[in-house]
Amino acid sequence: YETFLNHTVDESTGVTFNEINQLNNEIRPIIKNLVQENFFRIFRLNLFKECPFWNDGGFCMHRSCAVDTIDDWNDLPEIWQPEALGKLEGSTLVNNLNDDNSTNYDKDYCDLDGFLYDTVYVDLVANPERFTGYGGDQSWQIWKSIYNENCFNLGHDQCLEKNFFYKIISGMHASISTHLSNEYLNKQLMDYKPSLEQFMIRVGNHPDRIANLYLNYIVVLKSLIKLETYGVFDHLNFTDDSNFVEKECEFKSSFRTLLNPAVEFTNSKNQCMFEEDVLFKEDDSLIVKEEIRENFYNITRIMDCVHCDRCRLWGKLQTTGYGTALKVLFELKDKEHFQINLSKMEIIALVNTFDRLSKSVESVMMFKNMYDEAIRRE
Ligand code: FAD
């Protein structure tokens, strides 16, 4: 395993597992604090949208599948209250980055409708992602449909792009599996504790899944670095309320602090962590890219078919986070004229998805220590 850690994560990057672990040690405390902030801990979504693909009417009976929503306006953090009022007037997309003020829905990698109508507010910190008991045929059907989106119709041999798309999905699956193993229900203690056994079965015994998880960390981090270096964060309005201007400056400075270690690291290596331009280089690239965008868009819709509300919440958040990262990497090209829109929910999803990946990388190392300790004791 020690040798494995010195290998590069993927052929598309020169970065090793060990280097990501070290970088994450620096980044972890900052992102952990950021997602505890009243702004980033709230997610607004339609949790009860009907599944658009099949009708099986299933639902999850476990208490741990439930989500506690914030039903009273007074219970929302102050920074969210103006938006909750404005919601009545339909104010939702707050970050129109387009110079010509036109909307660019054709560039979305996520179904954003679920953030516009019949939405509820959820405190993510009060509803942590953990083992819920959701499984069997129901979750298997969802994962199968997600992996099936990996089939492309057109184009050149598409190996590079197809592999990349598969790795993103597998890395997301590995990250979700790591979280539920990390907070696994110990039935004797009736408490949530790390389960090394669950981790090894689901992730630890599959080096390819660990590699895909680390690749996702690199891809999402690269999208955040791109937003920072293109100056996009400076153009974002986190709220419309002037009472929170200072808070907004604080967030912008937190992003700089968060990303600084990664920027310094890439400068010291004199190479980019992940070069998105290596993808979609062939003649028919536009068609392949469009297929990837549509497939990812569908995956965010498949989330409406997840029967366990808690899993649906975190599934929706993370697929939206990855979709946003892909939109930033593949559609944001021109530093002078931003050609994409970013909604508040996409930014919150992106930041929280990076936190989830950072937590996963930390957990992989924790499980490695547990494993070493178990071997020593044998
Ligand atoms: P699954 O994880 O269901 O995997 C199915 C099959 O996929 C495996 O047999 C294997 O062949 C393959 N596979 C597994 N991992 C990978 C990988 N990383 N890369 C490639 N192939 C892989 N459960 C919770 O307890 N808490 C949650 O928060 C939660 N969130 C979920 C969110 C979504 C969107 C979905 C679809 C499910 C979620 N679940 C959650 C359920 C959980 O992911 C598992 O499906 C469930 O625990 C049953 O696990 P399993 O052992 O049958 O394998």
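The values are calculated or read from the model by the stated rules, or taken from the named source; none is laboratory data. Keep in mind that what you see is a predicted model, and the values were worked out from it rather than measured. Here the Cβ is made from the backbone with ideal geometry for all residues, glycine too, and neighbour counts use every protein chain on show.
Taken over the stretch 9-44, residues that are modelled with pLDDT of 95 or more, in a strand (DSSP E or B) and of a type outside the set (V, I, T) amount to 1. Where residues in the stretch 335-376 are closer than 25 Å to S177 by Cβ and among the basic types (K, R), which of them is surrounded by the most Cβ atoms within 10 Å (Cβ to Cβ)? So, considering only residues that are closer than 25 Å to S177 by Cβ and among the basic types (K, R), the one surrounded by the most Cβ atoms within 10 Å (Cβ to Cβ) is R356. Among the hydroxyl-bearing types (S, T, Y), closer than 30 Å to Q138 by Cβ and within 16 Å of the ligand (Cβ to nearest atom): is that true of T320 in this structure? It is true that T320 is among the hydroxyl-bearing types (S, T, Y), closer than 30 Å to Q138 by Cβ and within 16 Å of the ligand (Cβ to nearest atom).
Residues are listed down the side, and each one gets a yes or a no for (1) surrounded by fewer than 18 Cβ atoms within 10 Å (Cβ to Cβ); (2) over 23 Å from F330 (Cα atoms); (3) modelled with pLDDT of 85 or more; (4) more than 15 Å from the ligand (Cβ to nearest atom):
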residue	(1), (2), (3), (4)
N104	yes, no, no, yes
D111	no, no, yes, no
F165	no, no, yes, no
M172	no, no, yes, no
L180	no, yes, yes, no
S195	no, yes, yes, no
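Within the set E331, E346, the sole residue that is acidic (D, E) and under 14 Å from the mean Cα position of the chain (by Cα) turns out to be E346.
Restricting the first residue to the stretch 130-144 and requiring it to be more than 16 Å from S64 (Cα to Cα) and hydrophobic (A, V, I, L, M, F, W, C), which pairs with a second residue that is near the ligand (Cβ under 6 Å from one of its atoms) and in a helix (DSSP H, G or I) meet a Cβ separation below 8 Å and a spacing of at least six or different chains? The qualifying pairs are W143/H173.
Might you check whether a residue that is closer than 23 Å to L45 by Cβ, within 16 Å of the ligand (Cβ to nearest atom) and among the basic types (K, R) occurs anywhere in the stretch 275-297? Within the stretch 275-297, none of the residues are closer than 23 Å to L45 by Cβ, within 16 Å of the ligand (Cβ to nearest atom) and among the basic types (K, R).
Taking L221 as the residue in question, decide whether it is in a helix (DSSP H, G or I), more than 11 Å from the ligand (Cβ to nearest atom) and farther than 19 Å from V306 by Cβ. Talk me through it step by step, then tell me what you get.
Details: in a helix (DSSP H, G or I): yes; more than 11 Å from the ligand (Cβ to nearest atom): yes; farther than 19 Å from V306 by Cβ: yes.
Spelling it out, L221 is indeed in a helix (DSSP H, G or I), more than 11 Å from the ligand (Cβ to nearest atom) and farther than 19 Å from V306 by Cβ.
Collect the residues in the stretch 238-249 that are surrounded by 13 or more Cβ atoms within 10 Å (Cβ to Cβ) and under 25 Å from the mean Cα position of the chain (by Cα), keeping them in residue-number order. Hits for the stretch 238-249 are F238, T239, K247, E248.
Every residue, every condition in (1) within 18 Å of the chain's Cα centre (by Cα); (2) within 14 Å of the ligand (Cβ to nearest atom), yes or no:
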{"site": "L124", "(1), (2)": "yes, yes"}
{"site": "G136", "(1), (2)": "no, yes"}
{"site": "I168", "(1), (2)": "yes, yes"}
{"site": "I176", "(1), (2)": "yes, yes"}
{"site": "Q188", "(1), (2)": "no, no"}
{"site": "T229", "(1), (2)": "no, no"}
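Is at least one residue of the stretch 142-151 charged (D, E, K, R) and modelled with pLDDT of 90 or more?
Within the stretch 142-151, the subset charged (D, E, K, R) is 144, 149.
If we keep only those that are modelled with pLDDT of 90 or more too, we end up with 144.
Yes: one or more hits.
Can you pull out the residues in the stretch 63-76 that are in a loop (DSSP other than H, G, I, E, B), within 25 Å of the chain's Cα centre (by Cα) and not aliphatic (A, V, I, L, M)? Passing the criteria: only D68. Output yes when any residue across the stretch 342-351 is outside any helix (DSSP H, G or I) and among the hydroxyl-bearing types (S, T, Y), and no when none is. Yes, because at least one residue in the stretch 342-351 is outside any helix (DSSP H, G or I) and among the hydroxyl-bearing types (S, T, Y).
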